[in-house]
Amino acid sequence: MVENKDLPTGTKGKKNRWKGFGAGILCVFILGLGCGYYMWEYRGNKAPDYKKTLTEVSNYIATIEHKNRGLRKKVNGLEERINTLEAGAAASADAASQEAGLRSSIKVLEENLNASKKRNQALAMENKDLKARLSASAEQKKDAQGADMTYTYSTTM
């Protein structure tokens, strides 16, 4: 800002500031009047048309009621879908718990099968051992009988 040395300090700036402030307030006031006139229209001495307003309101209400019926149908359909999904979720939860029970039963049966296989192998080994012992015992008996027969044969002659 350029200083003017002829005027006392601060008087010119203060006057201009108040003039600008006043002009701004005046512009806002005029703009408000113009917008108010435009938005609410100047009606002059016209009386409001109640019949026209009531028909517009009744048409609007009928439209809202029609949309409301459509929305109610959609809501009822969605509620039914939610109920079926909840029932399906409950059924799948039951199925999941049944599946978990079946899996645990299968696991127990597999463990029993493995234990039975091990026991069967042990019994097979024991069976082989017993057969070997039985055959050895039978041979010993045969040898003992053969030796006894030779003894009796030699004494009789």
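The values are calculated or read from the model by the stated rules, or taken from the named source; none is laboratory data. As the structure is a prediction and not an experimental result, all values here were calculated from the model. A quick note on method: Cβ atoms are made from the backbone with ideal geometry, for glycine too, and the neighbour counts reach across all protein chains shown. Heads up: the accessible areas ignore ligands, DNA and RNA and are worked out on the full protein's heavy atoms, side chains in. Shrake-Rupley method; radii C 1.70, N 1.55, O 1.52, S 1.80 Å.
Charge tally for Glu79 (other residues, Cβ to Cβ under 12 Å; Lys, Arg +1; Asp, Glu -1): +2. In segment 28-121, a dipole from Cβ-located charges (positive for Lys and Arg, negative for Asp and Glu) runs towards its positive end, and of Ile64, Ala100, Asn83 it is Ala100 whose Cα lies farthest in that direction.
Working from label points 7 Å from Cα in the Cα-to-Cβ sense, the Ala132 to Lys46 distance is 12.1 nm. For the residues Cys35, Cys27, a 1.4 Å probe over the protein chains yields an accessible-area ranking, largest first, of Cys27, Cys35. Net length available on complete extension from Phe29 to Glu110 is 20.0 nm, with 0.36 nm assigned per residue and the Cα-Cα distance removed.
The distance between label points at Thr84 and Leu102 comes to 2.5 nm (points 7 Å beyond Cα on the Cα→Cβ vector). Each residue of segment 139-146 was assigned a 3J(HN,Hα) from its phi angle through the Karplus expression (A = 6.51, B = -1.76, C = 1.60, θ = phi - 60°), giving 5, 5, 5, 5, 5, 5, 5, x Hz with x at Gly and Pro. Each residue of segment 15-27 was assigned a 3J(HN,Hα) from its phi angle through the Karplus expression (A = 6.51, B = -1.76, C = 1.60, θ = phi - 60°), giving 5, 5, 5, 5, 5, x, 5, x, 5, x, 5, 4, 5 Hz with x at Gly and Pro.
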